[in-house]
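A short worksheet on the structure shown next.
Please treat every number below as a calculation from the coordinates, not as lab data. Only a predicted model underlies this, so the values are computations on that prediction, with no experimental measurement involved. Glycine gets a Cβ as well: all are built from the backbone with ideal geometry, and neighbour counts include every protein chain shown.
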Amino acid sequence: MVVIVFEIFLLTLLVITAVGIVRSRDLFSAVMLLGLFSLQIAVIFFILDAADVALTEAAVGAGVSTVLLLGALALTSDREARPKGRRLLALGVASITALILIYASFDQPRLGDPQAPVHQHVAPWYLEQTPKQIDVPNVVTAILASFRGYDTLGELFVIFTAGIGVLFLLADGSGRGARSQLPSAEAQGLRHHLIPRVVGALLVPFIVLFGLYVQFHGDFGPGGGFQAGALVSAGVILYALIEGEASALRVLSFRALAGMIAAGALLYTGVGLAGILRGSQFLDYSVLLADPIAGQHLGIILIELGVGLTVTGVLLTIFHAFAARAQKR
Amino acid sequence: MSSLATHLPVLQVVVPLLTAPLVFMLRQHGLAWAATTAASLCAFAVAIELSTAARGGATLVYEVGAWPAPYGIELVVDAFSALLLLMVTGASVFALLIARRSLEAEIPEQRLHLFYAAWLLALAGLSGIVVAGDAFNIFVFMEISALATYVLVAGGPRRQALPAVFRYLVMGTIGATFYLIGVGLIYMMTGTLNIADMEMRIRDVSDLRPVLVAGGFITVGLALKAAVFPLHAWLPNAYTYAPNAVTVFIAACSTKVSLYVLLRFDFVVFQGNQAGHVAQFAMFMLPLAIFAIVIASILALREANLKRMLAYSSVAQIGYILFGAGLVSATGLTGGIAHMFNHALAKGALFLAVACLATSLSATAVSDLAGAARRMPFTMAAFVIAGLSLIGIPGTAGFIGKWFIVVAALEHGVAGALLILPVLAGSLIAVLYIWRVVESAYSSPAGDMATRQEAPLPMLATLWFVVLLNVYFGLQPSLPLDLARSAAARLLLP
Amino acid sequence: MELLGLYNYWVFPVLLMTGLYAIMSRANLIKKLIGLSMFQAAVFLLYITMDKIEGGTAPILQAGNPEQLYSNPLPQVLILTAIVVGIATLALGLAIVVRISETYGTIEEDEIQGQDAE
Amino acid sequence: MTAGLALDIGSWVLMLAGSFFVFVGGVGALRMPDFYTRMHAASLTDTLGTILILSGVILQAGLTLAAIKLAAIMVFLLLTCPTAAYALANAARLSGLSPRPEQTPGKD
């Protein structure tokens, strides 16, 4: 009961934030509010028992997308012109669609109803079979990596496509030209601010360490390759902000990042093909080792590693592509 | 080999998917092109193999990860999907054969390997949608193909490509998200994501409102992605400003894949629950289809830019496909589905001709084509034949689907006969807009346009091969018709 | 109390349509992308609301507690994927906006159309 | 039993005190006249308040893994909260916002 009241409070706050985002004409505040929106929705996800999703939404929505949006604002403009016309049409379409969805809601199962079809079909099978067939405590990881591993392969390639797209649009593609632009005054990050620099430098190793923990602990608690990739890249981005982009690129060059992207994607697909080569289906990890459960464990660790590599590589590549653009101006 | 044959449905997707990171690392654009073409050819061979099996009446089912169906993800290849696979992989192969020469002029060399990687991802995404037997898996691959297609379109040489692709991105994402909402509502009411399982379980759902709304959201979302008439705003500019080879590829297959998913959901999933759902579908879709045919054809007629004229013509042709489906009869659906294939052939050939024209003409407007026929006689001759196929002249591929659609409409008596009028009007307008191009191209040239300067031989050969395919499938239509017939029979199964 | 269980399903369309309103009514391309992010985030709420079961906890199996109820893990898996799709779309969209800003000098849709009409 | 009760009381006192400081910070952020004083109110009380609340929660958790994690979060907050406040104020100063209240237009 208390939880429901708290949740309703948060949901209402969420709506207020959303309205604030739309009304704000200052894009910088809109971006900040969007980060806040993501954090609030992450808390709601946590209340609704979705720990993995909450972690991801906080890392991605509040972290990565805010960084990307700020990067884009720095390259464009952070004021919005006064919009003209079309508001009534937009309002009409939006209200009608919302009313249709609310109309549908009255026949939907209530929040937490144990009789809801989603709790009767398919899901109980996962909860029951995970200990027997895969034997990892985190059922979300089991479904993500094994039962629906093909979706996750697709997810990996979605982020891979985005990386290729950003490189195609923003970088010159050779991976070399960007570096020569870097050592300008602006690239020196926060060098002249002592306090953030010291504290930031102190935090970077811990962020990366936490990222690795999330990567390899994903079988047991919330976490996995994607969240880990987001965290590790957050650590490296922080490092780039403190020590300047050039230093960050010295640690992980464009070429190394490209290698990570391709290696992750190839690793995941390769594990899938190994299933076929060993006489079973694509992405069947049980046949990787003599013991099916050990095979599942190995497969899950490998593909999570692949996801982690590609995500880190893509996110950092995107960050550097935006940053390199800024220096060219 | 027989063991490999069972893996064909997944290899259809994995081959291009696996090649993409390799091409990304290659950096040398000639090699990148070769690898992309080789992977496309492999995918095409797999599709041919699958369609042979599907033509024999087989439905191939593949359980990824060896997990049983509603729990794991299932891939399903039947006649309908086999036809679509042929279109997707075939379009990719033919577009790639001209892409080498055509793209070098449009995209900086050092970015070409990224472009080819995106191409492979688009191919894998589209094939992935077609073979998927799981509603959420369709969403994932829809996003791969969509993101990759945005990259491909953004490679266009003119700056207008950027706003065009931005609009495409926003509308495409809204469409995909609407689809996701619809799938979520069905999942809420049935507890499953597997399409075959949904079909069974949705019959037992007693609370109809969420299912009805889910039907609406899925239909609107996919209609947005398929550029069904009032939601087509993204299409003309995206086709116009994309690189020529990309236009060949996406015009031939990308909207049709969305239509495929739309028909699957509306006929297979919802029909089980909604008594009269099919009638609702017809009431909703037929008027849209008629508007699409008439209005988009008129827009094409008024359009000065050659590529945009053909793009509007595509919107009109999507109208024909929907018109056939909206008649909700075996003949109508057969016609609509066969028209998907035949239109892909005709429009693919036309855009191939445009790509060939672009090698020595800088003109983009229809009126600037004067003398083109003297300068590039083979290209223009091919354009004329492909145009005849688009109009639907007997003896070309474009005729078959339209003929079935007309016959299906006549089955409905007087009302049906009245419904034919817009179809015929659309074909008449098509005659006019193709004639505009032909007239302009065969008119007397101005100045140096008289010198002969044909497109390079490999491009011309590809163009003529596809044009001859148009004629072949016009005279010998059994392959698309067989597949379309069994697809229609499956969709109408109660 | 009975209707309170539907509150999530009412907030979801409101958020969704706030996002759509921002996309449709604003000319600024970055604002459109912000709206698009909200639009997608609203769908996450729809799915995650479904997973909750009365008296359940997060689906991380606890050894030695066989009676424990767990919330449905499947929608969570789907939304993990959807979040990734969202960030991928946002990154690509922003890259396009940056290029538009460089070639046109503005990110307002009507001004871009004005320049192309010339 | 009495030790448990004492722990309970101690933790509740800490948590309530923490909530009080966070609340005061919120009021300060709303009522103070200009950017710097608002920020000052919010940042100081937030650091103190969250640390008090976390200490209370640690007492509730007892000697478990959770308590260690909470302690780690506490150390993290001790480092980041003041740094964030500093960075914010510094950024405002650099962008030309004067610390004198009469020159700053109120937030609209």
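Results, tabulated for the structure shown:
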item	result
Proportion of all alpha-carbon pairs of the protein assembly as shown beyond 38 Å (%)	47
Helix C:7-25 axis, angle to chain C major axis (alpha carbon atoms, nearest 10°)	10
Choice from A:F319, A:F210, A:F168 with maximal GNM fluctuation in chain A (Cα, 10 Å cutoff)	A:F168
D (Stokes-Einstein, µm²/s), Kirkwood Cα radius, chain B, 1.002 mPa s at 20 °C	95
Cα lying deepest toward the dipole's positive end in chain B, options B:G128, B:F217, B:L421, charges on Cβ	B:L421
Calculated [θ] (222 nm, deg cm²/dmol) that DSSP helices of n ≥ 4 give over chain A, each run adding -39,500 (n - 2.57)	-23000 deg cm²/dmol
Mean Cα-pair separation over length for chain A, i.e. relative contact order, pairs under 8 Å, 6 or more apart, %	19
On Cα atoms only, tilt of B:29-55 relative to the major axis of chain B in degrees	50
Label zone at B:S362, where the point sits 7 Å out along the Cα-to-Cβ direction: segment B:132-172 residues whose backbone N lies under 20 Å	B:156-161
Shielding of D:86-92 by partner chains, average beta-carbon count, 10 Å	2
Taking the C-alpha atoms of segment B:20-98, convex hull volume expressed per residue in Å³	101
Net charge over other residues, Cβ less than 13 angstrom from the Cβ of B:D134 (K, R count +1; D, E count -1)	-3
Sites A:S247 and A:V5, calculated FRET efficiency, Cβ-Cβ separation with R0 56 Å, nearest 0.05	0.70
Summed side-chain charge close to B:E303 - residues other than B:E303 whose Cβ falls under 14 Å, Lys, Arg +1, Asp, Glu -1	+3
MRE, 222 nm, helices only [DSSP H, n ≥ 4, -39500 (n - 2.57), over chain B, to nearest 500]	-25000 deg cm²/dmol
C-alpha long axis of helix B:161-190 to longest principal axis of chain B, angle in °	10
Two-site FRET efficiency, D:K69 against D:I9, from Cβ-Cβ distance with R₀ of 22 Å, rounded to 0.05	0.40
Descending principal axes extents, chain D, alpha-carbon based, whole Å	59, 24, 17
R0 of 35 Å, Cβ-Cβ distance C:L69-B:T6: FRET efficiency to nearest 0.05	0.30
Exercise: per-residue mean of other protein chain Cβ atoms within 10 Å, B:166-177	6
Extension reserve of the D:L79-D:A92 stretch, reckoned as 0.36 nm per residue once the Cα distance is removed	2.6 nm
Per-residue average of Cβ from other chains inside 10 Å of A:206-214	1
Length-normalised contact order for segment A:15-97 - Cα pairs under 8 Å, 6+ apart - percent	31
Two-decimal ratio, segment C:1-43, of alpha-carbon radius of gyration to 2.2 N^0.38 Å	1.36
Axial C-alpha extent at least 18 Å, average Kyte-Doolittle at least -1.0 - helices from chain A (DSSP)	A:2-23, A:27-47, A:87-105, A:149-170, A:194-217, A:225-243, A:254-277, A:292-328
Relative contact order for segment D:2-94, counting Cα pairs under 8 Å that sit 6 or more residues apart, in percent	31
Separation of the B:L432 and B:A381 label points, Cα + 7 Å toward Cβ, nm	3.0
Peptide ranges A:274-287, B:176-189 listed from the most packed, as the mean C-beta count within 10 angstrom indicates	B:176-189, A:274-287
Alpha-carbon spread of chain A, three principal axes, descending order, Å	59, 53, 37
9 Å beta-carbon shell around C:A22, net charge (K/R +1, D/E -1)	+3
Neighbour-count order for A:I318, C:I100, fewest beta carbons within 10 angstrom listed first	C:I100, A:I318
Length gained when the stretch A:R87-A:M32 is fully extended (0.36 nm per residue, less Cα-Cα span)	17.4 nm
Residue exposure sequence - B:L421, D:L5 - by fewest surrounding Cβ within 10 Å	D:L5, B:L421
Assigned charges on the beta-carbon of Lys, Arg, Asp, Glu; the protein assembly as shown dipole about Cα centre (debye)	2540
